[in-house]
Amino acid sequence: MIRRLALAIFLVMLAVACGESVPSNHETVLGAIYPLSGPQAPGGKQELAGVQAALRVSGANVRLQVIDATTPEEASAAVDRLVRDYHVPAILGTYGSTLSASASARAEELKTVYWETGAVADPITVHGHYVFRTVATGSALGRMAVTFTHDVLLTGSNLTAPRAAIIRVDDIYGGSVGGGEQELAKSMGINVVDVIEYSPNAFDANVIAARLAQDRPDFLWDVSYLDDGVAIWNAVLQSRLTLKGAIGTSSAFCMPEFSRRLGAGSVGVYAADKPDADVSQAALSASGRALLARAKAAYTGDSMDIPAVAGFVGGWTLFHDVLPNAGGSISAESIRTAAVKVDVRVGDSINGGGVKFAGPGALDEGQNVRAAAVVGRWQAVGVMKIVYPPAYAN
């Protein structure tokens, strides 16, 4: 007995000496995969910080084992490592759609819950039983851009045959958002005159701007990442193309760095994305407003921008609404069973949305059907305000 106790103490001391934390008897270890280096690091860090704020507010006895991943291959390998070495029942991630597509597919193969807090590409939740996503899909963001164009920008424009062009990256993120735009535009009587696809790793912004100028669109819907989005919009500005509206989406036009880099060139540009912490108080219930105040107090960054809010909503849903209802023995199956029963009313989440996952058998099983999506406008350098839908406008 004494020898077994001594051996146990030695193993604990060895683990501590090697830099590994030792979970308590009731501590749940979950994985977290985010891009904490590379071009997507700013958003990845903010989203993870939002998750960590949710963990602090919830008081859940959970330890996050965090892995930095910047490529789809690294994201998939991170899933293997987390399941093999830490036996996690669930993994949170991933901010980036290409990273999430790879990681969530691998988690599905290993029957481990993948809890997506930020990536929007539609295929992530298609045909998956262990994948859950708390944010809006890419196609939903694309449809929001088109709806805003139709309901707001076209009002009083006297355009009888409005023309739009789409610029989009040639991956699942661009395909999801751009596909949603094309589909809805046709039904709303907006003619998509061109779809310009490009590789974010090999493109000429001036060539794209020149092609856009030849198209003579009234509206531009852009689906880019930060570096290429800034380069393309700079080229469009230099081409002196006259547009009645330009609306980007979640990985470029909405980001504070987009406005900082472009300065006055960003003012007046719109972005369809998830809400940030400045969402109108009218969009929140009393409990939503109270939770937002707690989230802001627990957040360690300067301000809760869009990725941070998305991370908090995803983390809070898992830590507060799922794990306490997953039974005494936390497993991928118990988490999955509890998740499909989540029913958070619209307005109770800090972004004005709610949470209800599409159930088993649905094409988008695991997708939050109450996720919030909005359109913001750069009012000044570094100052974006939500302008649509009216209930969310600040």
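What follows draws every value from the coordinates through simple rules; no lab data is involved. The structure presented is a predicted model; accordingly, all values stated were derived computationally and were not measured. Because the Cβ atoms are built from the backbone with ideal geometry, glycine has one as well, and the counts that use them run over all protein chains shown.
Pick from VAL146, VAL383, VAL230: which residue has the top mean-square fluctuation in a GNM of the chain where Cα pairs under 10 Å get a spring?
Sorting by GNM fluctuation, first place goes to VAL383.
Count neighbours as other Cβ atoms within 10 Å of each site's Cβ, and list the trypsin sites (Lys or Arg not before Pro) in the range 299-394 that are DSSP loop with at most 12 such neighbours.
Here the trypsin sites (Lys or Arg not before Pro) that fit, given the DSSP loop and packing criteria, are LYS341.
Among DSSP bridges having both ends in the range 139-273, what percentage is antiparallel? Round to the nearest 5. Walk me through the numbers before you get to the answer.
Numbers: 1 of 18 bridges.
Roughly 5 percent of the beta bridges in the range 139-273 run antiparallel, per DSSP.
Anyone know which of LEU291, LEU237, LEU55 comes out most mobile in the 10 Å Cα GNM of the chain?
LEU237
Given Cα pairs under 8 Å that are at least 6 residues apart, what percent is the relative contact order of the range 139-273? The partial results should precede the final answer.
Values: 233 pairs, mean separation 35.2, N = 135.
Over the range 139-273, the number comes to 26 percent.
Before rounding to the nearest 500, sum -39500 (n - 2.57) across all DSSP H runs of length at least 4 in the chain and divide by the residue total; then give [θ] at 222 nm in deg cm²/dmol.
On the way: 12 runs with 153 residues, N = 394.
About -12000 deg cm²/dmol.
With springs only between Cα atoms under 10 Å apart, run a GNM on the chain and tell me which of LEU243, LEU92, LEU220 wobbles the most.
LEU243
Specify the inter-centroid distance of the range 131-206 and the range 308-358, based on alpha-carbon positions, in whole Å.
Result: 30 Å between the Cα centres.
Calculate how many DSSP beta bridges within the chain are antiparallel, expressed in % of all such bridges and rounded to the nearest 5. Mind dumping the intermediate values first?
Numbers: 12 of 47 bridges.
Beta bridges within the chain, antiparallel portion: roughly 25 percent.
If you place +1 on the Cβ of every Lys and Arg, -1 on the Cβ of every Asp and Glu, and leave all else neutral, what size is the dipole of the range 254-344 about its Cα centre, to the nearest 20 Debye? If you can, show how the numbers build up before the last one.
Working: 8 positive and 9 negative charges, 16 e Å.
Around 80 debye, computed over the range 254-344.
Which of these values of Rg/Rh (Cα atoms, Kirkwood Rh) was calculated from the structure shown: [x] 1.01; [y] 1.13; [z] 0.98?
Derived directly from the coordinates: [x].
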